[in-house]
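Data first, discussion second: the structure below is written as structure tokens.
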Amino acid sequence: MPGDLAKTDSEASSLSQSSPPRSPRRQMYYVQSPSRDSHDGEKTTNSFNSTPVLSPTHSHSNSSLGPHSSRESSSTRLSKHHGSRKPRTNKQSWKEFDAIEEEALLDGEAAHHALHRRRCYFLSFLVGFFVLFTTFSLILWGASRPQKPKITMKSISFNEFVVQAGSDFSGVSTEMVSMNCTVKLTYRNTATFFGVHVTSTPLHLSYSQLTVATGSIHKFYQSRKSQRALIVMMEGSHIPLYGGGASLASLNGAPTQPVPLTLDFMVRSRAYVLGKLVKPKFYKRIQCWVTMDPKKMSKAISLKNKCSYS
């Protein structure tokens, strides 16, 4: 028996030396390793679910280590995989913070510039609108100035003229006049694009600088390119003449000679071309010199070429 065993060992050693070494065929199998962190969840399981490990069938060293070797290999790979994810350093964090802060500053600066541009546009619009509106208003005002109303005196008729003795409110004796007359005139608005408002206007008829009769034109509105005829009743009652009545001769209360009189009044007109912003005013002062003839009572006396307009 010992001889046979020795022979067998020698044959085996000679056979191993004569035949070339055959590489063992390694079989592959997969080991499922548990997740390191429960918070990684399904992502970690899917990433490291299947880890190839060499079969320890023909490897003496691997078989001697057993299942501990596969677990160590899997854990090593898992730690390497997690180690490949390098944590962010403080330098990278500060760089990202600086980039975000710079971007915020750029956004704030852009918003400030946009607001500044809007303010400039708004101010430019206001200035331009004011300039255009002022120019337009001046054009309207300049165009309306030449279009003044035209007033024409037509006639005056004396219905009554009585001179009698009397006394004033203080008891002083003097000559006194009572009279009434009718004045006719026309008012024409020559404007082509605006109407005019005529205010109430008093009329005065005087003798020797003493007012012996008054009247008034009531306010009215005259549309563009139109005219109207006006009739004004003037009257005076018991007007003291004082020293002026000495040259006034009368018979039974009626004057025996012509009496010179002066008619004086001012017509005030206003136009609203652009609301209350453009409202030109027109003033026309009229003076007429007329003679009351006792022989032409109640007859119309023409005032043509007897009046001045200013």
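The values are calculated or read from the model by the stated rules, or taken from the named source; none is laboratory data. Model, not experiment: these values are computed from the prediction. Heads up, the Cβs are rebuilt from the backbone with ideal geometry, glycines too, and the neighbour counts pull from every protein chain shown. For accessibility, only protein heavy atoms count, side chains too; no ligands or nucleic acids. Shrake-Rupley method; radii C 1.70, N 1.55, O 1.52, S 1.80 Å.
Brief remarks follow.
- Estimated vicinal HN-Hα couplings, Hz - region 277-286 in sequence order (Karplus 6.51, -1.76, 1.60; Gly, Pro = x): 7, 10, 9, x, 10, 10, 10, 9, 9, 10
- Per residue, the accessible area of region 150-309 comes to 54 Å², computed with a 1.4 Å probe over protein heavy atoms only.
- In Å², nearest 10: area of H197 left accessible to a 1.4 Å probe: 80 Å²
- Backbone HN-Hα couplings from phi across region 294-305 [Karplus 6.51/-1.76/1.60, Hz, Gly and Pro as x]: x, 7, 10, 5, 6, 10, 6, 9, 5, 9, 5, 6
- Ranked from largest to smallest solvent-accessible area, with a 1.4 Å probe on the protein heavy atoms, Y207, Y121 come out as Y121, Y207.
- Solvent exposure of R117, expressed as accessible area, is near 120 Å², computed with a probe of 1.4 Å over the protein chains only.
- The Cβ shell under 12 Å around L241 holds other residues with a net charge of -2, Lys and Arg each +1, Asp and Glu each -1.
- Distance-filtered residues of region 220-259 - backbone nitrogen under 14 Å, label point 7 angstrom along V162 Cα→Cβ: 236-239, 251-255
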